[in-house]
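Here is the structure we will look at, set down as structure tokens.
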Amino acid sequence: MIASDARTNSQADITIVGGAGHVGIPLVLCFAESGLNVLINDRNESGLRTLLEGKLPFVEYDAQPLLDGALKNKRLLTGTKPSDISRKGPVIVTIGTPVDEFLNPIQGAVKQCIDDLLPHIDDGQLIILRSTVYPGTTEWLSRYLEQLGRKLRVAFCPERVVQGYGIKELKELPQVISGTTPESEEEAAALFSRIAPEVVRVKPLEAEFSKIFANVYRYVEFATTNQFYMIAQSAGADYFEVLRAMKQNYPRAARIPGPGFAAGPCLFKDTMQLAAFSRNQFALGHAAMLVNEGLALYVIEQLRQNYDLHNCTVGLLGMAFKPEVDDTRSSLSYKLKKGLQLHAKAVLTTDPFVKTDLSLVSLEETVAKSDVLVLCTPHAAYKGLNTRGKPLVDVWHQSNPQAQ
């Protein structure tokens, strides 16, 4: 058991709820580096214990030196219960809005978290929502607190960094700041100015849209190139040669990404949130979902057409949702695996980063025992891989990154 730190209420300058997670840890370490005593409030005792032992629970580049410094300078405090949070300083909540099995937002998740915290927060404190929320949530929270007779300040300051590179991007990118009152906006701006080079002030609804639109735009971009890929490949053209022709010294096409599995815990979820917000009139978002989720099915169909899968072992290279991280949440590699298990003799999986999937085998065993390989996640470790003559299906075209 992780004991609550005796210094919690008296010495913490800021509390980060969910601070041992992917959104929380970069924020915790950057605020600690800025000189604040940071209380990490999280039910994940294993994650807290790992941090206190001086280790990171997942891949986060550039974080280890900051963790070492925070522990050396005794900047980190921990607590596992709502009653452990500090009664002074801002409380940053990293709980966002998930979607359910019907692709509708679960708006009660934020309310439940706030209800748990409220008995332990004093009037006058600032509550900052940090993760993606359903549009309108910030103003709803302000009204809800007012109805309860609570005099708390409310802000929304969206997380907008790329997973694995949060430390670097927190120090380099502007932070979007919003508050339901001028006072809450000002306090939030002063706080994030400690760790960011610039703050961008907008109204709460505008801040919420700025985060969700950015993620949805990326998802639609990936869907566009994935649709192009499937059309070109089905017609017998090499899509990567098409990309080269489109992009070479032609600036208007320079930003077109290469194809690949668009997945992870944010892009799909936020696209479905926006669709729900628009009363399911966001046809572009639904189309993007069908394309991106359908790419895995397209790969399976291509394998069925080109190989006798019933007599083949298929090896999947990479199970994380993106390269150079260990996070498997919403990874399309697993959708591919489930689909292939219906058709192939066997499916082997490997990943140099993922440690939570006990079914993974080594890269050497995967290559040796497979009849055909599929590059699911383009980790750098797979560049120049000796496939021992086994065919490699590569929708990423990792061997020619200039085409991406």
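Taking the stretch 334-370, which residues are polar (S, T, N, Q) and either in contact with an Asp or Glu (Cβ under 8 Å, 6 or more places away or on another chain) or in a loop (DSSP other than H, G, I, E, B) (or both)?
Residues satisfying the conditions are GLN341, THR349, THR350, THR356, SER359, SER362, SER370.
Look through SER142, SER184 and report the one residue that is open to solvent by 10 Å² or more (accessible area, probe 1.4 Å) and out of contact with any helix residue (DSSP H, G or I) (no Cβ under 6 Å at 6 or more places or on another chain).
Of the residues listed, the single one that is open to solvent by 10 Å² or more (accessible area, probe 1.4 Å) and out of contact with any helix residue (DSSP H, G or I) (no Cβ under 6 Å at 6 or more places or on another chain) is SER142.
Which residues, counting only those in the stretch 158-168, are free of Cβ contacts under 8 Å to residues at least 60 places away in the same chain and closer than 19 Å to ILE92 by Cβ?
PRO158, ARG160
Hey, can you tell me all the residues within the stretch 199-208 that are crowded, with 17+ Cβ neighbours inside 10 Å and touching a residue at least 40 places away in the same chain (Cβ under 8 Å)?
PRO204, ALA207, GLU208
Tally the residues that are hydrophobic (A, V, I, L, M, F, W, C), open to solvent by 20 Å² or more (accessible area, probe 1.4 Å) and either on the phi > 0 side of the Ramachandran plot or not in a helix (DSSP H, G or I) (or both), restricting the search to the stretch 83-114.
Going through the stretch 83-114 one residue at a time, the tally reaches 5.
Just to verify a result, which residue in the stretch 275-288, among those that are over 14 Å from ASN104 (Cβ atoms) and not polar (S, T, N, Q), is least open to solvent (accessible area, probe 1.4 Å)?
ALA288
Applying the selection to the stretch 187-198, what residues are surrounded by 18 or more Cβ atoms within 10 Å (Cβ to Cβ) and either without any contact (Cβ under 8 Å) to a residue 24 or more places away in the chain or assigned to a loop (DSSP other than H, G, I, E, B) (or both)?
Listed by number, the residues that qualify are ALA189, ILE195, ALA196.
Quick one: is LEU373 hydrophobic (A, V, I, L, M, F, W, C), open to solvent by less than 60 Å² (accessible area, probe 1.4 Å), within 23 Å of VAL59 (Cβ to Cβ) and not in a helix (DSSP H, G or I)?
no
Return the residues of the stretch 287-306 that are more than 25 Å from the chain's Cα centre (by Cα) and among the charged types (D, E, K, R); say none if nothing qualifies.
GLU301, ARG304
Quickly run through the stretch 6-23 and pick out the residues that are surrounded by fewer than 19 Cβ atoms within 10 Å (Cβ to Cβ) and at pLDDT below 60.
If the condition is that a residue be surrounded by fewer than 19 Cβ atoms within 10 Å (Cβ to Cβ) and at pLDDT below 60, then ALA6, ARG7 are the ones that fit.
Residues to consider are PRO57, PRO65; find the one that is out of contact with any Phe, Trp or Tyr (no Cβ under 7 Å at 6 or more places or on another chain), part of a loop (DSSP other than H, G, I, E, B) and open to solvent by 40 Å² or more (accessible area, probe 1.4 Å).
Being out of contact with any Phe, Trp or Tyr (no Cβ under 7 Å at 6 or more places or on another chain), part of a loop (DSSP other than H, G, I, E, B) and open to solvent by 40 Å² or more (accessible area, probe 1.4 Å) holds for just one of PRO57, PRO65, which is PRO57.
List every residue pair whose Cβ atoms lie under 7 Å apart, where the two residues are 6 or more positions apart in sequence or sit on different chains, the first residue falls within the stretch 216-228 and is within 12 Å of CYS266 (Cβ to Cβ), and the second residue, located anywhere, is not aliphatic (A, V, I, L, M).
VAL216/ASP270; VAL216/THR271; VAL216/GLY285; TYR219/PHE268; TYR219/THR271; TYR219/ASN292
Could you list, in sequence order, all residues of the stretch 323-365 that are exposed (fewer than 15 other Cβ atoms within 10 Å of the Cβ), in contact with a strand residue (DSSP E or B) (Cβ under 6 Å, 6 or more places away or on another chain) and either in contact (Cβ under 8 Å) with a residue 40 or more places away in the chain or not hydrophobic (A, V, I, L, M, F, W, C) (or both)?
GLN341, LYS345
Name the pairs: first residue in the stretch 261-286 and under 26 Å from ASP326 (Cβ atoms), second residue among the polar types (S, T, N, Q) and open to solvent by 30 Å² or more (accessible area, probe 1.4 Å), Cβ to Cβ under 8 Å, at least 6 apart or on different chains?
What qualifies is ALA263/SER330; GLY264/GLN163; GLY264/SER330; PRO265/SER330; PHE268/SER330; LYS269/SER330; MET272/ASN104.
Quick one: which residue in ALA207, ALA190, ALA214 is more than 19 Å from the chain's Cα centre (by Cα) and at pLDDT 95 or above?
Of the residues listed, the single one that is more than 19 Å from the chain's Cα centre (by Cα) and at pLDDT 95 or above is ALA190.
Those residues that are open to solvent by 60 Å² or more (accessible area, probe 1.4 Å) and part of a helix (DSSP H, G or I), I need them from the stretch 162-181; list them, please.
If the condition is that a residue be open to solvent by 60 Å² or more (accessible area, probe 1.4 Å) and part of a helix (DSSP H, G or I), then LYS168, LYS171, GLU172 are the ones that fit.
Out of (1) modelled with pLDDT under 95; (2) in contact with a Gly (Cβ under 7 Å, 6 or more places away or on another chain), what's the single condition that is false for ALA3?
All conditions pass for ALA3, except number (2).
The values are calculated or read from the model by the stated rules, or taken from the named source; none is laboratory data. The structure presented is a predicted model; accordingly, all values stated were derived computationally and were not measured. Every residue, glycine as well, gets a Cβ built from its backbone with ideal geometry; the counts of neighbours run over all protein chains shown. Keep in mind that these areas ignore ligands, DNA and RNA; they rest on the heavy atoms of the full protein, side chains included. Shrake-Rupley method; radii C 1.70, N 1.55, O 1.52, S 1.80 Å.
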